[in-house]
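Below is one structure, written out as structure tokens, with a few remarks after it.
The values are calculated or read from the model by the stated rules, or taken from the named source; none is laboratory data. Everything numeric here is computed off the predicted structure, so don't read it as measured data. Positions of Cβ are backbone-derived with ideal geometry, glycine not excepted, and every protein chain shown enters the neighbour counts.
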Amino acid sequence: MSWKAIGIFDSGIGGLTVLKELVKAMPQEDTLYLGDTARVPYGTKSPETVIRYAVEIASFLVKRDIKLLVVACNTASAVSLETLQERFPIPIVGVIEPGARRAAAVTRNGRVGVIGTEATIKSSAYTRAIKRVNPAIEVITRACPLFVPLAEEGWISNEVARLTAQSYLAGLKESGVDTLVLGCTHYPLLKEIIAEVMGEGIRLVDSAEETALTVAEILQGGGLLRPVAEKGNHHYFVTDVPAGFIRIGNGFLGGNLEDVHQVNLDEGTAPGGYHVQA
Ligand code: DGL
């Protein structure tokens, strides 16, 4: 019997934070990851542009016969999830609903902060999703656009990262939130600095773990979960030269990134059909 892979994409390396949780939850699954490194960041672009990018990437991965697609980018989830779900005939999971659910479950004082890219914050997708779970929760949001280039550069614990975090987070800290949603898949890379700046007693929510549970449930429900005895293979596609992606990704995943290919989405010149035999 052959088993299809799980597709997953982000504008760059941020989605690796979600991939890591997927692999932890389902080590038997094969994955195909695409990082759109030639066009990162998405967070400063218009919804129309991000939707176009997301559709191109989904087409690329769906052609490689994936069984489920994870939009491991909050920006793309915020603006393109519905379009993708309408256009492609496979389950498509975004990261916003899972993160919102977790935040609503863990807040004690009903004040939740959300940080994300300009596009995610402007979309109000988190505020709507959290209020759908509990309309009484007060949601305070803040865009932190410089966190993405810091994470892409691997500047996750130096003085520049600390000062940037202090400047972005001061207002949120004063507002008395007890829970902070890391509403961008790049931000978990800066988790330590963010936790330090926010101080003790603030719960940081990253959607990755909750998203992985959602994916496992969907696959289980559809009889699509690969037997646990298997060990998954992981393949990576990037749209720019792979060196930076490999360097940062290896640091983050502990030296696991081996199979990284540069692809051109326009011309569809990626390595040919991909199939996994069980
Ligand atoms: N990691 C992405 C997100 O979750 C986007 C970062 C960017 O490309 O601006 O929003």
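Answer yes if at least one residue in the range 171-184 is in a loop (DSSP other than H, G, I, E, B), among the acidic types (Asp, Glu) and at pLDDT 95 or above, and no otherwise. Within the range 171-184, one or more residues are in a loop (DSSP other than H, G, I, E, B), among the acidic types (Asp, Glu) and at pLDDT 95 or above. The residues on offer are Glu196, Glu192, Glu230, and the sole one that is more than 23 Å from the chain's Cα centre (by Cα), touching a residue at least 12 places away in the same chain (Cβ under 8 Å) and surrounded by fewer than 21 Cβ atoms within 10 Å (Cβ to Cβ) is Glu230. When the range 43-75 is filtered for residues that are farther than 21 Å from Thr211 by Cβ and either buried (at least 24 other Cβ atoms within 10 Å of the Cβ) or of a type in the set (Gly, Ala, Ser) (or both), the ones remaining, listed by number, are Ser46, Ser59.
When Thr179 is tested against (1) away from the ligand (no atom under 16 Å from the Cβ); (2) farther than 24 Å from Arg108 by Cβ; (3) β-branched (Val, Ile, Thr), only condition (2) is not met. Once the range 200-213 is narrowed to residues that are away from the ligand (no atom under 16 Å from the Cβ) and either at pLDDT 95 or above or not in a loop (DSSP other than H, G, I, E, B) (or both), the residue that is nearest to the chain's Cα centre (by Cα) is Leu213.
This table checks each residue for (1) more than 22 Å from Gln220 (Cβ to Cβ); (2) modelled with pLDDT of 95 or more; (3) aromatic (Phe, Trp, Tyr).
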{"position": "Gln28", "(1), (2), (3)": "no, yes, no"}
{"position": "Thr31", "(1), (2), (3)": "no, yes, no"}
{"position": "Gly43", "(1), (2), (3)": "yes, no, no"}
{"position": "Tyr53", "(1), (2), (3)": "yes, yes, yes"}
{"position": "Glu56", "(1), (2), (3)": "yes, yes, no"}
{"position": "Leu61", "(1), (2), (3)": "no, yes, no"}
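Can we say Gly232 is in contact with a Ser or Thr (Cβ under 9 Å, 6 or more places away or on another chain), in a loop (DSSP other than H, G, I, E, B) and at pLDDT 90 or above? Against the criterion (in contact with a Ser or Thr (Cβ under 9 Å, 6 or more places away or on another chain), in a loop (DSSP other than H, G, I, E, B) and at pLDDT 90 or above), Gly232 qualifies. You will find that of Glu86, Glu29, Glu82, Glu21, the residue that is away from the ligand (no atom under 13 Å from the Cβ) and buried (at least 24 other Cβ atoms within 10 Å of the Cβ) is Glu29 and no other. Name every residue in the range 32-54 that is within 16 Å of the chain's Cα centre (by Cα) and more than 9 Å from the ligand (Cβ to nearest atom), in order of residue number. Within the range 32-54, Leu32, Tyr33, Leu34, Gly35, Thr37, Ile51, Tyr53, Ala54 meet the criteria.
Conditions (1) more than 20 Å from Leu68 (Cβ to Cβ); (2) in contact (Cβ under 8 Å) with a residue 40 or more places away in the chain, marked per residue:
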site	(1), (2)
Thr37	yes, yes
Thr44	yes, yes
Thr49	yes, no
Val55	no, no
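Only residues that are closer than 18 Å to Thr75 by Cα and either among the hydroxyl-bearing types (Ser, Thr, Tyr) or not in a helix (DSSP H, G or I) (or both): list them for the range 95-138, please. Once the filter is applied, which keeps residues that are closer than 18 Å to Thr75 by Cα and either among the hydroxyl-bearing types (Ser, Thr, Tyr) or not in a helix (DSSP H, G or I) (or both), the range 95-138 yields Val95, Gly113, Val114, Ile115, Gly116, Thr117, Thr120, Ser123, Ser124, Tyr126, Thr127. When the range 119-170 is filtered for residues that are among the hydroxyl-bearing types (Ser, Thr, Tyr) and either at pLDDT 95 or above or surrounded by 18 or more Cβ atoms within 10 Å (Cβ to Cβ) (or both), the ones remaining, listed by number, are Thr120, Ser123, Ser124, Tyr126, Thr127, Thr141, Thr164, Ser167, Tyr168.
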